[in-house]
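Worksheet: one structure, shown below.
The values are calculated or read from the model by the stated rules, or taken from the named source; none is laboratory data. Keep in mind that what you see is a predicted model, and the values were worked out from it rather than measured. Ideal geometry is used to build each Cβ from the backbone, glycine not excepted, and the neighbour counts take in all protein chains shown. These area figures cover heavy atoms from the full protein model, side chains too; ligands, DNA and RNA do not enter into them. Shrake-Rupley method; radii C 1.70, N 1.55, O 1.52, S 1.80 Å.
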Amino acid sequence: MTRLVAQMSALAALAVALPAPAGAQPTSGTTDVEVPALVLEQGDTQGPGADEALDLANIVQSAAKGVTTVQEAPAIVTVVTADEIRERQFQSLEQLIDTVPGWQRASLYHSTFATPLVRGQVQAVQFLHDGVSLFDPFINVPSISRVQPMELVKRVEMITGPGGVLWGSNSLLGILNVITKDAEDVDGVEVGGQLGDGGGDRKMGRAYAMAGAPNLLGGKLKVFGHASVETYQGPGLTMPLLLFHSALPQPNSSNVYGPLTESQQAQSMIVTLDGKLSFGKLQLRVYAPFGKKYNPIGLSGQPVREDLPEDVDCPADTTDTACTDPRRTSRKNREDVFDRYAVLEYRTRFAREKAGITARGYLQQFVRGFEPLQVLAATSQGYPFLPGGLAFQADLTSYRVGGAIDGDVEVMPGLRLLYGTEAFREWKPDNTTASLQGDGTQSTLLAPYDLSRVPLPCPRSLDPAAPGGVGAPLAGCPLTFAYTADRTVLGAYIDPQYRPNRSLIFDLGGRVQVAPKALGSLSYDVNTTIAATVVWNFIPNWHLKLNYAQGFRPPVFNNTASNGEGLQIAGNPNLSVETSDAAQAEINARIFKGDRRIRELSFRIDGSYTRVNNLIQVSSGQYLNSGERALASIEFLGKLYVQGGHRLELGYTYLRGDTSDKGRLRSLPENAFSLAGVWSLVGNKLTATTTLRVTGAAEDPNRLVEYRGIGYGDTPKPGTVLGEVPVAATDLVLDRLPPSADLSLGLTFAPVPKFAIRAAVYNALNAHAYQPDAFTDYEPHLEYLPNPYEGFRAYLSMMYQY
């Protein structure tokens, strides 16, 4: 870490050498966050309000369910504001996440499910919108992807580490709270559009409009509305055709692969409608995305092709047996992940502002649709003979309805008490129509066309003339994907915060939460969670944090109620609740404020030791609790702000993981750093941004596939596979994923204050990088080959306010 300190010292020296600003910098937009007095007492030599943006970037609401500073919050916190999102041209939440120490973007099963890693662990993040959980109770796939409009985000608050006391279940190792804009943040109309292309994101276009009216009826009524539409084809990824593997839950047969093929998926479309209506202390929030989201690679690594070369000679619905996919029913690879909700919230303060309460009720719909997922490529000759390939369809939509109360009261000077309670019911409806396996969520097969080749217990029609009176399989082979499930959860917490003087803060909290057996088909026993923090302002503008925190996550519906005799991993109703606890220490500082040309240097360095118990993973074809995990990490984040609108940011993560059942987690990179800058080239009119992220090497367990020499032939039909290669279940290899570098560059031209044109390129080095195997599965069940990140892509956008 001494090298990091030296690097930051060099950055400070560079800041002093930069030219002085030509004029004063504009302050950030309006906000409803009250800046605590502590932040404003740090001696701003540029006059009141000159560095309002810096102060707002150090305000956090998620860590203490109330306004505090990043420096004093009882957790490891990173805040990214709307100004920074615009300046650095983040295209999605995933890209933003990738720049925060301790976090990394990734996706599961060949880019099917986008989800962030926090301290190297997958599905360990509690995702929030304005403080309301968007945790998906069926399959635990958060909607942290491009379905989140970035122009809607006012600030992102990220907590690294468990957060079970304040945020309850599912906050296993991290909190991601997206705070959306209000009427005051727009106060007028803003419109924007964007076009993009490149091998990493083809045929992309989007447009949005949002409006805010904060002063209706004398300021009592506030209205905000937003609408956006986006279309894209997405990345072109190259993988060998996957022609065969056996069915779940244990697909460890010999695999058969074909030629190297670039994905050509369908065009996606995402529409988002949302708004806020506030009257006095009451607010109604509605969020409703819709669309069709197509992925480039199927569940097991099959590159998707919407059009086949054979289509010229194989018209739709032909009976020619030499054609591989005449019905064209399995060429889509659609996976919809949308969260929709309505929240009614009431906020008030009383007792001369010494007490406050927030009460909310909510109704949520978690759309998780496979419409369909593609698994195997189509082939009509050789082995296997599988016209249409393999694709299945299932609607995994689930719901949650509930309410919560959060309050705070100043018991005495220096003692503040937080408290709260929550109750909700979550369920998935019964949509079975033809399955004979039981009520629940039904799946159907769109392909293969010959269902007699499917090694599944497809229901069959009655035929007295057939042997045994059993006829052909029912169309689509309707099976129960997961049985019905519902759960009612009750929880409460209390968190006293004591400040004996201006230099010390003590925080000690606890939560109890239970899902009673009498109130649902799924349940778990009373779970207790505690957290304790000491914050010491040991030198002016320097803080030391010592923190112990716990988190927990009950099994989701799919872990417990899934049907192992369908297209599924077998569920296990006896699973234990996953738990985590972390010991964390941090030193942070905001220094050199107003020193010559430095506006401020802020940084934090933290270390942690985290244990994860009962982590649920797939083993022997079913969900089981795995062994204990130990995670040691060191994180650094430094931000240097310089007069003239320049700033530099350096982030570093060291992570080492060990498990009692799999040993060292070598599939995770141990080192990663990012270096970013924002440069004001011509006053406030032309700015540039750069971000370089370097990720260390890792190992990825895969099948050893030799696809060279396999190609497409022209007989008997153009586009049919000339050859294939079988790969045995024992042909395993630990692929070394080398270090990778991802460089992004951007320019913003703003000739007038309310109009801006932006241009940006991502993966400018056109690096071929691969995602880590988040499950560390040394017997790969579905992710048989390295999972690539997207390649080069470029965007041009425009924004206008009036």
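Only one of these conditions is not met by residue 638: (1) open to solvent by 20 Å² or more (accessible area, probe 1.4 Å); (2) modelled with pLDDT of 95 or more. Which number is it?
(1)
With (1) in a strand (DSSP E or B); (2) touching a Phe, Trp or Tyr at 6+ places or on another chain (Cβ under 7 Å) as the list, and residue 347 as the residue in question, which single condition is left unmet?
(2)
Can you list the strands (runs of 3 or more DSSP E) lying wholly within the range 50-163 that have 1 or more residues being touching a residue at least 12 places away in the same chain (Cβ under 8 Å) and over 27 Å from residue 228 (Cα atoms)? So that I can check it myself, show each step before the final result.
Values: elements: 76-81, 103-108, 113-118, 125-129, 153-160.
Counting at least 1 such residues, we get 76-81, 103-108, 113-118, 153-160.
Being over 30 Å from residue 478 (Cβ atoms), of a type in the set (D, E, K, R) and surrounded by fewer than 20 Cβ atoms within 10 Å (Cβ to Cβ) narrows it down to one residue among 410, 371, 345, 422; which is it?
Details: 371 fails: over 30 Å from residue 478 (Cβ atoms); 345 fails: surrounded by fewer than 20 Cβ atoms within 10 Å (Cβ to Cβ); 422 fails: surrounded by fewer than 20 Cβ atoms within 10 Å (Cβ to Cβ).
The unique qualifying residue is 410.
If residue 247 meets every condition in (1) surrounded by 15 or more Cβ atoms within 10 Å (Cβ to Cβ); (2) part of a strand (DSSP E or B); (3) touching a residue at least 60 places away in the same chain (Cβ under 8 Å) apart from one, which number is that one?
Every condition holds for residue 247 apart from (2).
How many residues are outside any strand (DSSP E or B), under 33 Å from the mean Cα position of the chain (by Cα) and of a type in the set (A, V, I, L, M) when one looks only at the range 386-443?
Of the residues in that region, 1 qualify.
Would you call residue 490 part of a strand (DSSP E or B), touching a strand residue (DSSP E or B) at 6+ places or on another chain (Cβ under 6 Å), open to solvent by 40 Å² or more (accessible area, probe 1.4 Å) and at pLDDT 95 or above? Break it down stepwise before answering.
Working: part of a strand (DSSP E or B): yes; touching a strand residue (DSSP E or B) at 6+ places or on another chain (Cβ under 6 Å): yes; open to solvent by 40 Å² or more (accessible area, probe 1.4 Å): yes; at pLDDT 95 or above: yes.
Yes: the conditions hold for residue 490.
For residue 244, work out the one condition from (1) touching a Pro at 6+ places or on another chain (Cβ under 8 Å); (2) within 30 Å of residue 151 (Cβ to Cβ); (3) among the aromatic types (Phe, Trp, Tyr) it doesn't fulfil.
That leaves (2) as the condition not met.
Of the numbered conditions (1) modelled with pLDDT of 95 or more; (2) buried (at least 18 other Cβ atoms within 10 Å of the Cβ); (3) β-branched (Val, Ile, Thr), residue 231 fails exactly one; give the number of that condition.
The failed condition is (2).
Check 166, 176, 172 and return the single one that is closer than 30 Å to residue 486 by Cβ, of a type in the set (A, V, I, L, M, F, W, C) and open to solvent by 10 Å² or more (accessible area, probe 1.4 Å).
Numbers: 176 fails: open to solvent by 10 Å² or more (accessible area, probe 1.4 Å); 172 fails: open to solvent by 10 Å² or more (accessible area, probe 1.4 Å).
Result of the check over 166, 176, 172: 166.
Any idea which residue in the range 268-322 is surrounded by the most Cβ atoms within 10 Å (Cβ to Cβ), counting only those that are more than 27 Å from the chain's Cα centre (by Cα) and under 30 Å from residue 210 (Cα atoms)?
278
Filter the range 453-487 down to the residues that are assigned to a strand (DSSP E or B), touching a residue at least 24 places away in the same chain (Cβ under 8 Å) and of a type in the set (A, V, I, L, M, F, W, C) and list them by number. Spell out how you get there, then give the answer.
Keep residues of the range 453-487 that are assigned to a strand (DSSP E or B), which gives 460-462, 470-473, 479-483, 485-487.
Still in the running and touching a residue at least 24 places away in the same chain (Cβ under 8 Å): 479-483, 485-487.
Those that are assigned to a strand (DSSP E or B), touching a residue at least 24 places away in the same chain (Cβ under 8 Å) and of a type in the set (A, V, I, L, M, F, W, C): 479, 481, 482, 485.
Residues that are on the phi > 0 side of the Ramachandran plot and among the hydroxyl-bearing types (Ser, Thr, Tyr): does the range 774-794 have at least one? Break it down into steps so the answer makes sense when it comes.
Of the range 774-794, the ones on the phi > 0 side of the Ramachandran plot are 776.
Next, only the ones that are among the hydroxyl-bearing types (Ser, Thr, Tyr) stay: 776.
There is at least one residue in the range 774-794 that is on the phi > 0 side of the Ramachandran plot and among the hydroxyl-bearing types (Ser, Thr, Tyr).
Restricting attention to the range 726-764, and to residues there that are within 25 Å of the chain's Cα centre (by Cα) and not in a strand (DSSP E or B), which single residue is surrounded by the most Cβ atoms within 10 Å (Cβ to Cβ)?
For the range 726-764, the residue satisfying everything is 763.
What strands (runs of 3 or more DSSP E) completely inside the range 525-627 contain at least 3 residues that are open to solvent by less than 40 Å² (accessible area, probe 1.4 Å) and of a type in the set (Gly, Ala, Ser)? Spell out the reasoning first.
Details: elements: 542-553, 578-591, 598-613, 616-619, 622-625.
Counting at least 3 such residues, we get 578-591, 598-613.
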